[in-house]
Amino acid sequence: MSIDLSQFHQVFYEESYEGLDAMEQGLLEMDIEAPDDEVINTIFRAAHSIKGGSGTFGFNQVAEFTHVVETLLDEVRSGDRAMNQSIMDLLLVSVDCMRSLLQELQAGDDPDLTQAKDLKAQFEAILKGDAAPAEQAAGGDGGDITDGDAADASDGAGGQGYHIHFVPEETLLQTGNEPTRMFRQLAEVSENNIEVMASFDRMPSLTAMNPEHCYLAWDIKITKAIDRSEIDEVFEWVIDDAEVIITELGSEETVSAATDPVNTENTEPQSEVADPIVQKTDETASEDKTAVQAPVKEKAKAKAASPESSSIRVSIDKVDSLINMVGELVITQSMLGQLGQNFDISRVQRLQEGLAQLEHNTRELQESVMKIRMMPISFVFSRFPRLVRDVSRTLEKKIDLVLSGENTELDKTVMEKIGDPMVHLIRNSIDHGIEMPDVRAAAGKSETGTVELNAFHQSGNIVIEIKDDGAGLNKERIQQKAVENGLIDETTILTDEQIFDLIFQPGFSTADAVSDLSGRGVGMDVVRRNIASLNGSIEVSSETGLGSRFVIRLPLTLAILDGQLVKVGDEIFIFPLVSIVESIQMDDSSINNVGGHSDVLQLRDEYVPIVQLHELFSVNVEDTIDDDKIIVVVETDGEKIGVVVDELLGQQQVVIKSLEENFKKVEGISGATILGDGTVALIVDVSGLSKMSGTSIKQIESAHKAA
Amino acid sequence: MSAVEELDSDEKVDIDQVTTEQYLTFIMEGEEYGVDILAVQEIRGWESATPVPNSPGYIKGVINLRGTIVPIMDLRGRFDLTKPEYGPETVVIVLKIEFDKGSRIMGIIVDAISDVYDVPLDDIKRTGFGENQNARFIKGLVTVNKHMVILLKLEQFITFD
Amino acid sequence: MAKILAVDDSASMRQMVSFTLKGAGHDVIEASDGVEALKLAQGQSVDLVLSDVNMPNMDGLTLCKNLRQLATYKFTPILMLTTESAGDKKMEGKSAGATGWIVKPFNPDQLLTTIKKVLG
């Protein structure tokens, strides 16, 4: 029978990645001077599991490598070796190595073993170096046979058979070992050419006898030339708890002398023992023949470019609550069905109640289902202690990472996509924000800088804050760089907010040298774009000398949008609520006309360009008089524009449907949705709108100057 | 139709003659056009569609087809023919058009449905439509019951240019 | 056939063992650590216990000792799944009361052969 083990691979990969994460976390948290036993055990177990699993599933390179890691960890665990910084560093690098080996295997590639070999050599050097009681990297083999035979171990076939004198310790049975089973096995390997004779020498009197003890001893004669190793295997587990003397049968038969009284009693117990053996052997034989062919399930090996697994762990509670909700939905449906069968107008109230119940059920179900895709943000936060440690080490800065709100949940896909932007922001904080220890001390701050990561829910969104107590954004430098890049004019006056927003422009980096870490020009504009593609937003604020704060807002799910419905002519459009700053009544007095062609709204202390949606979208409107119209002020890419619409309709959650699937990408439109009456409404792409209308700070400012 | 037939030594059967395609035909401005029946998903009456800004004029808009957003194209507009009012016979043929990268669903508004024909491949004339500006949409011409049917090449419709 | 309790903190190992043994017609219940295993063992009668050694909350050896304290498990075969072929680890197993051991990594066939030794 052969079982296809590849069906277990996916689970093995997932639990191994988790184990590696646990190892990494444990190592980072560990106090080298006084390591916590439980932490060491956790780390050891993780390595042990990976070794065991990789060996079992055939990933021998990983098993070999993990074995040395585990061996070293075992020494630390048992106190034979003290943990030190270089061991810790080596272990951390090994975690990375194991991770990439597994990723390569998971993708179906041949793993690159260069790093593993190098690290393995380092481990072996450490292990050998201290004459510690370490095992050499032998790799686990299956089925080792124990040593410790009393007799000569000759593995060849015994000439004419064997004689075995077997005297177990009285407590043998308490280990769950059972001589009858062993004799049965012997009978099997000897194909029933066996005689077993019991000896009652050790039997005490009835009153002195402990019924759970074994006082019998046996002499076994095997009259078939079998391999000595087969016999050894049978006694493998009891060899230390019993006297097992195995002699080959030569010309002489060596039978352990049994006294007469025993002999006569012998025949009966012997036949008793022998018969069950024979019977059971028959059973075993037939069992063998009817051995069930295990169903071979074929699952394609999971191909993953990165460890983004296509499965999700869901707590049983969530599943149960979902089942309950579906149950309630079924009840409501059957109630409405009944109503519908014999309906007359007098029952309309019942109908309304039923429909209200349906709405309630549906909403609960929707929330419940969305929760299934929700996972705590700790999954993404967990990358950062390691990142902060490595980066701060490289830059020789002292940094404390404070995490809060790790339990805040967000959609799995959103979480997977927000990781990289967050890495970039944190790297930035460490690289550009936090100052060198001496600079900090000179400024009266503590030498160790703090980076705070915080996540929480706010009005249907998840908010992620990245704060640092570094030097803050350098306004002058940013403005200077913007002028250099031609983004703004030298004489332009910008608010602090506008200056900070400049960092999100493409190619923007005030790093003096392109440092290894950030400032590669893969900059903040990519971060903002990535966040925008998740229907989210990012803001930055900063105070010179005190630090910076980035705030990312993301919707709780990608497929559903909180929308503001607006009417333009006969058409309904939808604005993402997250992009709306405010909506105001059109008032001629606050509209200025700049440069003769563009209208601008004065909104407190800033100027907001106005666009007419019906113009941009070629919608027929009855009158073009602006009074009574509404301006929806939206923000995108750091810029505000005011969009003129006829009416504000309600706000509701809408399911985002693709327009591109069967049609094409339309500028200014990000998707479509189906309203309650079954008609299609288009969702506005605010960033596209802004581009279409051709407005930007630069144009306004230059027009303003001309005026 | 089975293309495998026993060949008698003195009977030669031309394999091509045995293969046909089925076409659904419709009328537009007095002309009869045909589309591969395998691409036809359903036929609906015309109801309004939601207009999509900045799209070509022959795109009337999009509709909700059981949860999927599907564009509706006025075929007359695509062919630059004069546009009448939509009447009770105006019909939307929902097509699933396969192409190398996948498939697209779209609806085309036509004046009226005509018939379904089995067209032997051999009968289709694939050249000679001249410099017709709409030539790219034409797969071929075929004569059925003494009148001409213009067979359409559906993959050409998915580019919306 | 037999009711077997499989204990291992690695889900992939549990799955493999479970699948293999069920395929041979046995009834298998799973636990991810010694604490869970002990509870399950007390709630029913199990014919064979297969347990990993290194597990959180309660390791395999402690589990073995605790099982042997129970009247119903005094003589039940308990096999340790261990990657450690060193002699002293086996001694520890014996003194905890284990019947025997299976060395990891093992393949399904090896597992079944060894199971037969104790179940027959």
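For the range A:636-650, the count of residues that are of a type in the set (Asp, Glu), in a strand (DSSP E or B) and surrounded by fewer than 19 Cβ atoms within 10 Å (Cβ to Cβ) is at least one.
Please find, within the range A:217-239, the residue that is nearest to the other protein chains (Cβ to nearest Cβ) out of those that are over 12 Å from A:Leu186 (Cβ atoms) and among the aliphatic types (A, V, I, L, M). So, considering only residues that are over 12 Å from A:Leu186 (Cβ atoms) and among the aliphatic types (A, V, I, L, M), the one nearest to the other protein chains (Cβ to nearest Cβ) is A:Val238.
Note on the range A:353-410: among residues that are under 15 Å from A:Lys318 (Cα atoms) and of a type in the set (A, V, I, L, M, F, W, C), the one that is surrounded by the most Cβ atoms within 10 Å (Cβ to Cβ) is A:Leu410. Pairing each residue of the range A:455-474 that is within 19 Å of A:Val423 (Cα to Cα) with any residue that is of a type in the set (Lys, Arg), provided the two are 6+ apart or on different chains, yields C-beta distances under 6 Å for A:Val463/A:Arg553; A:Lys467/A:Arg549. Remark: C:Asn57 matches the filter, which requires a residue to be under 21 Å from A:Ala47 (Cα atoms) and more than 9 Å from every other protein chain (Cβ to nearest Cβ). Filtered by the rule that a residue be more than 11 Å from chain C (Cβ to nearest Cβ), in a helix (DSSP H, G or I) and closer than 20 Å to C:Asn57 by Cβ, the range A:28-48 gives A:Glu29, A:Asp37, A:Val39, A:Ile40, A:Ile43.
In the range B:95-148, of all residues being of a type in the set (Phe, Trp, Tyr) and within 30 Å of B:Gly61 (Cα to Cα), the one that is nearest to the chain's Cα centre (by Cα) corresponds to B:Phe137. Taken over the range A:568-592, the criterion of being closer than 12 Å to A:Val684 by Cα and more than 39 Å from the chain's Cα centre (by Cα) is satisfied by A:Ile572 alone.
Tell me which of these A:Pro307 doesn't satisfy, since it passes every other one: (1) part of a helix (DSSP H, G or I); (2) modelled with pLDDT under 85. Status for A:Pro307: all satisfied but (1). Checking each residue in the range A:396-421 for being in contact (Cβ under 8 Å) with a residue 60 or more places away in the chain and part of a helix (DSSP H, G or I) picks out A:Lys412, A:Thr413, A:Val414, A:Glu416, A:Lys417, A:Ile418, A:Asp420, A:Pro421.
Quick check on the range A:431-440. Is at least one of its residues of a type outside the set (D, E, K, R), buried (at least 22 other Cβ atoms within 10 Å of the Cβ) and part of a strand (DSSP E or B)? Scanning the range A:431-440 turns up no residue that is of a type outside the set (D, E, K, R), buried (at least 22 other Cβ atoms within 10 Å of the Cβ) and part of a strand (DSSP E or B). On the given criteria, is A:Lys51 within 13 Å of chain C (Cβ to nearest Cβ), modelled with pLDDT of 85 or more, buried (at least 16 other Cβ atoms within 10 Å of the Cβ) and within 27 Å of A:Asp21 (Cβ to Cβ)? Yes; evaluated as a whole, the condition is true for this residue.
Output yes when any residue across the range A:451-464 is acidic (Asp, Glu), within 26 Å of A:Ala22 (Cα to Cα) and buried (at least 17 other Cβ atoms within 10 Å of the Cβ), and no when none is. So far as the range A:451-464 goes, yes, one or more of its residues are acidic (Asp, Glu), within 26 Å of A:Ala22 (Cα to Cα) and buried (at least 17 other Cβ atoms within 10 Å of the Cβ).
Evaluate the range A:591-603: report whether one residue or more is modelled with pLDDT of 85 or more, within 28 Å of A:Glu497 (Cα to Cα) and surrounded by fewer than 20 Cβ atoms within 10 Å (Cβ to Cβ). Checked against the condition, which is being modelled with pLDDT of 85 or more, within 28 Å of A:Glu497 (Cα to Cα) and surrounded by fewer than 20 Cβ atoms within 10 Å (Cβ to Cβ), the range A:591-603 yields no hits at all. What residue, among those in the range C:92-106 that are within 7 Å of chain A (Cβ to nearest Cβ) and of a type outside the set (Phe, Trp, Tyr), is surrounded by the most Cβ atoms within 10 Å (Cβ to Cβ)? Among those that are within 7 Å of chain A (Cβ to nearest Cβ) and of a type outside the set (Phe, Trp, Tyr), it is C:Ala98. Among the conditions (1) of a type in the set (D, E, K, R); (2) within 14 Å of chain C (Cβ to nearest Cβ); (3) touching a residue at least 24 places away in the same chain (Cβ under 8 Å), A:Arg81 misses just one, which is (2).
Among the residues of the range A:55-76, those that are more than 8 Å from chain C (Cβ to nearest Cβ), over 21 Å from A:Met88 (Cβ atoms) and assigned to a helix (DSSP H, G or I) comprise A:Asn60, A:Gln61, A:Val62, A:Glu64. In the range B:51-89, the qualifying residues are those that are in contact (Cβ under 8 Å) with a residue 40 or more places away in the chain and polar (S, T, N, Q), and the one that is surrounded by the most Cβ atoms within 10 Å (Cβ to Cβ) is B:Ser55.
When A:Ile683, A:Ile625, A:Ile700 are checked against the criterion of being more than 13 Å from every other protein chain (Cβ to nearest Cβ) and either in a loop (DSSP other than H, G, I, E, B) or modelled with pLDDT of 85 or more (or both), a single residue qualifies: A:Ile625.
Restricting the search to helices (runs of 4 or more DSSP H) fully inside the range C:10-120 and requiring at least 1 residues that are among the hydroxyl-bearing types (Ser, Thr, Tyr) and either more than 30 Å from A:Ser6 (Cα to Cα) or touching a residue at least 12 places away in the same chain (Cβ under 8 Å) (or both) gives C:11-23, C:60-69, C:87-96, C:108-119. Only one of the listed residues (C:Thr76, C:Thr83) is at the interface with chain A (Cβ under 7 Å from one of its Cβ atoms) and touching a Lys or Arg at 6+ places or on another chain (Cβ under 6 Å). That residue is C:Thr83. Residue selection: A:Val11 satisfies the criterion of being within 12 Å of chain C (Cβ to nearest Cβ), among the β-branched types (Val, Ile, Thr) and free of Cβ contacts under 8 Å to residues at least 12 places away in the same chain.
Any residue at all in the range A:117-128 that's modelled with pLDDT under 85 and within 14 Å of chain C (Cβ to nearest Cβ)? The answer is no, given that none of the residues of the range A:117-128 is modelled with pLDDT under 85 and within 14 Å of chain C (Cβ to nearest Cβ). Among residues of the range A:190-215 being buried (at least 19 other Cβ atoms within 10 Å of the Cβ) and among the hydrophobic types (A, V, I, L, M, F, W, C), the one that is nearest to A:Ile239 (Cα to Cα) is A:Cys214. Of all residues in the range A:161-189, those being in a loop (DSSP other than H, G, I, E, B) and in contact (Cβ under 8 Å) with a residue 40 or more places away in the chain number 3.
Taking the criterion of being more than 7 Å from every other protein chain (Cβ to nearest Cβ) and modelled with pLDDT of 85 or more, the residues of the range B:58-67 that qualify are B:Tyr58, B:Ile59, B:Lys60, B:Gly61, B:Leu65.
The values are calculated or read from the model by the stated rules, or taken from the named source; none is laboratory data. What you see is a predicted model, and the numbers here were worked out from it, not measured in a lab. Glycine gets a Cβ as well: all are built from the backbone with ideal geometry, and neighbour counts include every protein chain shown.
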